[in-house]
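Visitor: Got a structure here, written out as structure tokens. Questions coming.
Each reported figure results from applying straightforward, stated rules to the coordinates on display, with no laboratory input. Predicted model only: the values in this text are computed from it and were never measured. Using ideal geometry, Cβ is built from the backbone for each residue, glycine included, and neighbour counts are taken over all protein chains shown.
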Amino acid sequence: MTTQAARQPEVTHRRILKIALPVVLSNATVPILGAVDVGVVGQLGEAAPIGAVAMGAIILSSIYWIFGFLRMGTAGLVGQAAGAEDSAEVSAILTRAMMIAGAGGLLLILLQIPIFAAAFMLSPASPEVESLARDYLQIRIWTAPAAIAVYAATGWLVAMERTTGVFWVQFVMNGINILLDLWFVLGLGWGVEGVAIATVIAELTGAALGLWLCRDAFDHVEWRNWARVFDRAKLIRMGLLNVDILIRSALLMAIFSSFVFLGAGFGDVTLAANEVLIQFTYIVAYAMDGFAFAAEALIARAIGQGNVRRLRKSALMCSFWGAVTCTSMALFFAFGGPWLIDVMAKSADVQADARIYLIWMVAAPIVGCAAWMLDGIFIGATRGSDMRNMMIVSAIIYVIAVLVLIPVFDNHGLWAALLISFAVRGATLGSRYPALERSVNA
């Protein structure tokens, strides 16, 4: 073992849980905020404000989601620099990430008119809903740099194993948003605009808190060493990694979006049943994020140290907890799924249809476990090209499965195609793991 590796803390179950659990808790606050947003405008007694807030939030979350690569890329690069004990690079990466966030947010502000026009073309709504949604969007878009900066700060905190900070950023953002929602909408009667202003203030607060929690990076003068920050080789590496992750994420979103669109072809009841059940997948993803984030941080540090033993140990131990989580979720869906369906849907037809397809959601956590965990491992290893290529293979197999299975098995075929894409992604990434280890030995 090298002296550098010896100075690093050992990988233990306690360390993994310390990273993972705050992420799981922070994720639990996300659906609460969405429910409050809808609930407060629902008190206005009209349907249009509810639709406007829902549509506006989906449009912006989809746009901001594009910048999710910034969190993942930052986590991998910072973790490797921290593992190599290169504190100067740890600081410089945060500066680069914040500059990307600022530039990306400014670009969205400048292009807001065509972006919103395209969004409403893809998702047409009534004139009243569209008008209110535009008001909502035109307020919220001005904090795009802050909203994207939260991704960068989150990635940095994950890499530094400070996920308690990630929890506090989400908790404070969502808490302020909820309180201001209640005040602005119910107290002051500002309606949809009040929801937007509450979110603007929450996003600005979240970005400021995130930067404050990353303040150690600014203790090192290298955060503003522009020769280092604009180092051509490092910028190219960061750029290529982010593009690879963006392509991978876009294909993943395309699979889930097509699942919804294809499900619509089976009628309104089946579409609603699929929508209820797909929420189960999001529940699993929220729970798995914690252990995937732990894998990102620990794998990145092991690679920064050049320590294959710690890399393998981190991968196995994080995957153990991922497997425990997925198995627990599968059992919960098997025994508690009918109850959860009844809570989420009041239509007897939707409840009955969802029960027919529940078996797929019992299988989904088991089938998808490897894909979720290997995503975290490969993000930490900054193997963006592998993630991109294996996602391309998975998407192609998904399309083939859709074309072959849906004509024969209808909605069961659609669910089978989705789970096949999970399995293929896990298997193909797994096939690349030995090369990952060999690259550290090289």
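Visitor: Please work out the FRET efficiency for the pair residue 347 and residue 396, using the Cβ-Cβ distance as r and a Förster radius of 30 Å; give the result to the nearest 0.05.
Guide: 0.25
Visitor: What percent of all Cα-Cα pairs in the range 304-356 falls into each 10 Å bin, going from 0 up to the bin containing the maximum distance?
Guide: Answer for the range 304-356: a P(r) of 22, 27, 19, 15, 13, 4 percent.
Visitor: Taking 0.36 nm per intervening residue step and subtracting the Cα-Cα distance, what contour gain separates residue 235 from residue 111 on full extension?
Guide: Value of the extension gain: 42.2 nm.
Visitor: Name the trypsin sites (Lys or Arg not before Pro) in the range 300-385 that are in a loop by DSSP and that have at most 14 other C-beta atoms within 10 Å, would you?
Guide: Qualifying residues, ordered by number: 346.
Visitor: Please give the calculated 222 nm ellipticity per residue for the chain, where each DSSP H segment of at least 4 residues contributes -39500 (n - 2.57) and the sum is spread over every residue; nearest 500 deg cm²/dmol?
Guide: -30000 deg cm²/dmol
Visitor: All other residues with a Cβ under 11 Å from the Cβ of residue 152 taken together, and with Lys, Arg as +1 and Asp, Glu as -1, what is their net charge?
Guide: Net of charged neighbours comes to +2.
Visitor: If I take R0 = 35 Å and measure r between the Cβ atoms of residue 61 and residue 309 in this structure, what FRET efficiency does the formula 1/(1 + (r/R0)^6) give, to the nearest 0.05?
Guide: Working from the Cβ atoms, E equals 0.30.
Visitor: Now, a different point. Test of understanding: what is the full-extension gain from residue 126 to residue 142, defined as 0.36 nm times their sequence separation minus their Cα-Cα distance?
Guide: 3.3 nm
Visitor: How big is Rg to Rh over the range 40-131, alpha-carbon atoms, Rh as the Kirkwood inverse-mean-distance radius?
Guide: We get a ratio of 1.19 for the range 40-131.
Visitor: Mind checking the log10 I(q)/I(0) for the range 206-285 at q = 0.11, 0.12, 0.17 Å⁻¹? Debye, one equal scatterer per Cα, no solvent, two decimals.
Guide: Reported log10 I(q)/I(0), two decimals: -0.61, -0.67, -0.87.
Visitor: I would also like to ask the following. What does the charge count around residue 350 come to, taking other residues whose C-beta lies under 12 Å from its C-beta (Lys +1, Arg +1, Asp -1, Glu -1)?
Guide: Surrounding charge for residue 350 is -3.
Visitor: Could you please report the charge total around residue 235, scoring K, R as +1 and D, E as -1 over all other residues with beta-carbon less than 12 angstrom from its beta-carbon?
Guide: Spelling it out: positives minus negatives among the neighbours equals +4.
Visitor: Quick check: pseudo-label points 7 Å beyond the Cα along Cα→Cβ at residue 339 and residue 135, how many nm apart are they?
Guide: Modelled inter-label distance: 4.2 nm.
Visitor: Please list log₁₀ I(q)/I(0) at q = 0.09, 0.10 Å⁻¹ for the chain, using the Debye equation with identical point scatterers on the alpha-carbon positions.
Guide: After summing over all Cα pairs, the log10 values are -0.60, -0.75.
Visitor: A further question on this structure: Give a residue-ordered list of calculated ³J(HN,Hα) values for the range 137-154 (Karplus: 6.51 cos²θ - 1.76 cosθ + 1.60, θ = phi - 60°; whole Hz; x for Gly, Pro).
Guide: 3J(HN,Hα) across the range 137-154, in whole Hz: 5, 5, 7, 5, 4, 6, 9, 4, x, 5, 4, 6, 4, 4, 4, 5, 5, 4.
Visitor: With Kirkwood's inverse mean 1/r over C-alpha pairs for Rh, give me the Rg to Rh ratio of the range 366-419, two decimals please.
Guide: 1.10
Visitor: Take the Cβ-Cβ distance between residue 219 and residue 193 as r, set R0 to 45 Å, and report the resulting FRET efficiency rounded to the nearest 0.05.
Guide: Computed FRET efficiency for residue 219 and residue 193: 0.65.
Visitor: Can you work out ³J(HN,Hα) from phi for every residue in the range 186-201, in order, using Karplus 6.51 cos²θ - 1.76 cosθ + 1.60 and θ = phi - 60°, giving whole Hz and x for Gly and Pro?
Guide: With the stated coefficients, the range 186-201 comes to 7, x, 9, x, 7, x, 4, 4, x, 4, 5, 5, 4, 5, 4, 5 Hz.
Visitor: Along the charge dipole of the chain, Cβ charges K/R +1 and D/E -1, which of 245, 344, 377 sits furthest on the positive end?
Guide: My answer, from the dipole projection, is 377.
Visitor: Projected area of the range 188-234, taken from the Cα convex hull and averaged over every viewing direction, in nm²?
Guide: 5.3 nm²
Visitor: For the range 262-275, what does the Karplus curve 6.51 cos²θ - 1.76 cosθ + 1.60, with θ = phi - 60°, yield as ³J(HN,Hα) per residue in whole Hz, taken in order and with x for Gly and Pro?
Guide: Values per residue, Gly and Pro as x: 5, x, 4, x, 9, x, 5, 5, 5, 4, 5, 5, 4, 5 Hz.
Visitor: Using just the alpha carbons, could you tell me how many Å³ per residue the convex hull of the range 217-258 encloses?
Guide: That works out to 77 Å³ per residue.
Visitor: Can you give me the distance in nm between label points at residue 403 and residue 268, each placed 7 Å from the Cα along the Cα-to-Cβ direction?
Guide: Label-label distance for residue 403 and residue 268, simple model: 3.3 nm.
Visitor: On to the next question. For the chain, which cysteines have no second Cys with its Cβ under 4.7 Å from theirs?
Guide: Cysteines lacking a close Cβ partner in the chain: 214, 318.
Visitor: Using the scaling law 2.2 N^0.38 Å as the reference, what is the normalised Cα Rg of the range 325-436?
Guide: Normalised Cα radius of gyration, the range 325-436: 1.23.
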